[in-house]
Amino acid sequence: MINRRSFLLTAGAALAVPAFGASAAPAMRKLAAGPGRAQLTGGMRGATDVWCFDGAVPGPELRLPQGVPARIAVENRLSQSTTVHWHGVRVPNAMDGVPDLTQKPIAPGETFIYEFTPPDAGTFWYHPHQRSFEQIVRGLAGALIVEEPAPPLVDRDVTWVLQDWRLLNDGTISGDFGNRMDMAMSGRIGNTVTINGAIPDAFPVRAGERIRLRLINAASARIFALEFSGHTPTIIALDGQPVAPHAPEDGRVVLGPAMRADLVLDLIGQPGQRYPIIDTFYRRLEYRLTDLVYAAEPLREHPLDAPIRLEPNPLREPDIGAAIRHEIAFEGGMMGMMGDGNMMRGMMGMMGGGNMMRGMMGDSHHVWSINGVSAQGHMMTPLLTLDRGKSYILALSNDTAWHHPMHLHGHSFRVMSRNGNPTRHREWRDTVLLAPRERAEIAFVADNPGDWMLHCHILDHQEGGMMGVIRVA
Ligand code: C2O
Ligand code: CU
């Protein structure tokens, strides 16, 4: 009953990489960013004007073989300049897609060719880094899968790009991008969650099936905590990087914005039954994301029991004993407001009051800061300069009342501890979700030279100043 086709494809792929990978000139892949229209709500509201890649929401799923040079020509058909950032892929600095910092933004009508060799297999994604709080929110995002030479044997390899939209009744996207309320609080949480660009009522499955489910949180601010009723998924990778296979803590798969999880989902339910997947992250705002809907006919009696542990990627192991330590503190936002309704106290509590008042009442920047500096734009004096090849521990401290998914470009890092307690899996990540008041230590080798962003991936927080540059020289 093993799916012969995926087995044969796997075997073929394993042979193809060494034979053709090194010498062949990479074929050019084209990607166009431009306006489009999407039917997000299945007819419940009208069609939505979006911005998207190749006319689709999400953009096309790019599949690149690990370790093989890739060339992607991005054409800008938008009315404003843009870039593409290959989130989580350890690319050379000039290919990182950060406007002004690593490249000139792509003007309307122009094309930029990105060239890089993805070193790590796994689940990544791509999105603009220019006015992200508008461009991603309007729909510019897509999955980027870097394929292992020999992936684990499964029946289906499925990607879910999760997006969150703030739609008006007529189906148009609410135009209040980057407003100060969203910026100073939880970010832009929408009212419509889609999987691969549509509200999904049902995800058809068969009893005995084994699915590799790649979850990508492409939302601007929404955090997901997914519970699979009647099933126990096994997490095999986080942010594209393999992790010791394990069941999610408390049975919830938690994904902050930009974060990914690869699950192995064994379909152990009853033929003909439905099993809801519930998002329980926000208390009292739980909702049903979709249902696993079993066909009447099982695929086989028991799911496969082939090994599911992934081969590690070629990441350099940080030398913890010799690592140099730096502290990074995140500050800002409205602190008192949600707790005791005392907005003024919250505002005065951050960044010394006066700044905050200006930030809230005047221009919309300077709401958040990193080590006391609130960024405007992507060009700035580096927060830190790290010596290339050395190991570092960054002690991150969330001195705010809000969650922040903090993302470092150009590197993956191990999450070593949270609030002083060692993590169980020392997982590699490119984005670490910090709960309010939480501290985390991350460790990595600064082996990729250049100026790299460290920022919150709640896009309004990023725009509100929660952004810095780390230089590796
Ligand atoms: Cu998803 Cu700075 O990036
Ligand atoms: Cu944030």
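Observations on the structure shown:
- Counted as qualifying within segment 401-464 are the strands (runs of 3 or more DSSP E) with 2 or more residues that are of a type outside the set (A, V, I, L, M, F, W, C), namely 404-408, 413-418, 439-445, 450-456.
- Yes/no for L144 being surrounded by fewer than 22 Cβ atoms within 10 Å (Cβ to Cβ) and touching a residue at least 40 places away in the same chain (Cβ under 8 Å): no
- Segment 105-139: number of residues that are among the aliphatic types (A, V, I, L, M) and in contact with a strand residue (DSSP E or B) (Cβ under 6 Å, 6 or more places away or on another chain): 4
- Of all the criteria given as (1) outside the structural domain of V50 (by TED's automatic domain parsing); (2) within 18 Å of G34 (Cα to Cα), the one not satisfied by R166 is (2).
- Set A395, A401, A375: member being surrounded by fewer than 21 Cβ atoms within 10 Å (Cβ to Cβ) and more than 21 Å from L238 (Cβ to Cβ): A401
- In segment 70-110, the residues that are acidic (D, E) and over 20 Å from G377 (Cα atoms): E75, E110
- Subset of segment 169-192 [surrounded by fewer than 17 Cβ atoms within 10 Å (Cβ to Cβ) and either under 17 Å from the mean Cα position of the chain (by Cα) or modelled with pLDDT of 95 or more (or both)]: T172, S174, G175, D176, N191
- Pairs, first outside the structural domain of L62 (by TED's automatic domain parsing) and of a type in the set (V, I, T) in segment 26-37, second crowded, with 18+ Cβ neighbours inside 10 Å and at pLDDT below 95, C-beta under 7 Å, six or more apart: none
- Looking only at segment 191-240, residues that are under 24 Å from D155 (Cβ atoms) and polar (S, T, N, Q) come to 4 in all.
- Restricting attention to segment 301-322, the residues that are at pLDDT below 95 and surrounded by 11 or more Cβ atoms within 10 Å (Cβ to Cβ) add up to 4.
Residue-by-condition table, conditions (1) in a strand (DSSP E or B); (2) modelled with pLDDT under 95:
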residue: A244; (1), (2): yes, no
residue: V253; (1), (2): yes, no
residue: A258; (1), (2): no, no
residue: A261; (1), (2): yes, no
residue: V264; (1), (2): yes, no
residue: I268; (1), (2): no, no
residue: P271; (1), (2): no, no
residue: P276; (1), (2): yes, no
residue: R283; (1), (2): no, yes
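- Taken together, the residues in segment 32-74 that are on the phi < 0 side of the Ramachandran plot and part of a loop (DSSP other than H, G, I, E, B) amount to 12.
Matching residues to (1) in contact (Cβ under 8 Å) with a residue 60 or more places away in the chain; (2) over 27 Å from A150 (Cβ atoms); (3) within 16 Å of ligand 2 (Cβ to nearest atom):
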{"site": "A73", "(1), (2), (3)": "no, yes, no"}
{"site": "T83", "(1), (2), (3)": "no, yes, no"}
{"site": "G88", "(1), (2), (3)": "yes, no, no"}
{"site": "P92", "(1), (2), (3)": "yes, no, no"}
{"site": "P119", "(1), (2), (3)": "yes, no, no"}
{"site": "F133", "(1), (2), (3)": "yes, yes, yes"}
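- Candidates A237, A244, A198, A202 - the one that is buried (at least 18 other Cβ atoms within 10 Å of the Cβ) and small (G, A, S): A237
- Some residue of segment 357-377 being in contact with a helix residue (DSSP H, G or I) (Cβ under 7 Å, 6 or more places away or on another chain) and free of Cβ contacts under 8 Å to residues at least 40 places away in the same chain: yes
- Criterion: touching a helix residue (DSSP H, G or I) at 6+ places or on another chain (Cβ under 8 Å) and away from ligand 1 (no atom under 16 Å from the Cβ) - qualifying residue of D182, D201: D182
- Residues in segment 75-90 that are outside any strand (DSSP E or B) and within 16 Å of the chain's Cα centre (by Cα) were compared, and the one that is nearest to ligand 1 (Cβ to nearest atom) is G88.
- Residue ID - nearest to the chain's Cα centre (by Cα), chosen from residues in segment 92-132 that are more than 13 Å from ligand 1 (Cβ to nearest atom), hydrophobic (A, V, I, L, M, F, W, C) and part of a loop (DSSP other than H, G, I, E, B): A121
- Looking only at segment 153-184, residues that are touching a residue at least 60 places away in the same chain (Cβ under 8 Å), within 16 Å of P58 (Cα to Cα) and among the β-branched types (V, I, T) come to 3 in all.
- Among the numbered conditions (1) surrounded by 17 or more Cβ atoms within 10 Å (Cβ to Cβ); (2) within 16 Å of ligand 2 (Cβ to nearest atom); (3) of a type in the set (D, E, K, R), the only one that R437 does not meet is (1).
- Unique match (being modelled with pLDDT of 95 or more and either closer than 30 Å to L168 by Cα or not basic (K, R) (or both)) among V17, V98: V98
Per-residue answers, yes or no, for (1) modelled with pLDDT under 95; (2) within 30 Å of F133 (Cα to Cα); (3) part of a strand (DSSP E or B); (4) not assigned by TED's automatic domain parsing to the domain that holds G410:
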{"residue": "T194", "(1), (2), (3), (4)": "no, yes, yes, yes"}
{"residue": "P204", "(1), (2), (3), (4)": "no, no, yes, yes"}
{"residue": "G208", "(1), (2), (3), (4)": "no, no, no, yes"}
{"residue": "L213", "(1), (2), (3), (4)": "no, yes, yes, yes"}
{"residue": "I216", "(1), (2), (3), (4)": "no, yes, yes, yes"}
{"residue": "A219", "(1), (2), (3), (4)": "no, yes, no, yes"}
{"residue": "R222", "(1), (2), (3), (4)": "no, yes, no, yes"}
{"residue": "A225", "(1), (2), (3), (4)": "no, yes, yes, yes"}
{"residue": "A237", "(1), (2), (3), (4)": "no, yes, yes, yes"}
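- Residue in segment 418-430 that is within 16 Å of ligand 2 (Cβ to nearest atom), under 23 Å from V91 (Cα atoms), of a type in the set (D, E) and at pLDDT 95 or above present: yes
The values are calculated or read from the model by the stated rules, or taken from the named source; none is laboratory data. This is a predicted model, so every value here is computed, not measured. Heads up, the Cβs are rebuilt from the backbone with ideal geometry, glycines too, and the neighbour counts pull from every protein chain shown.
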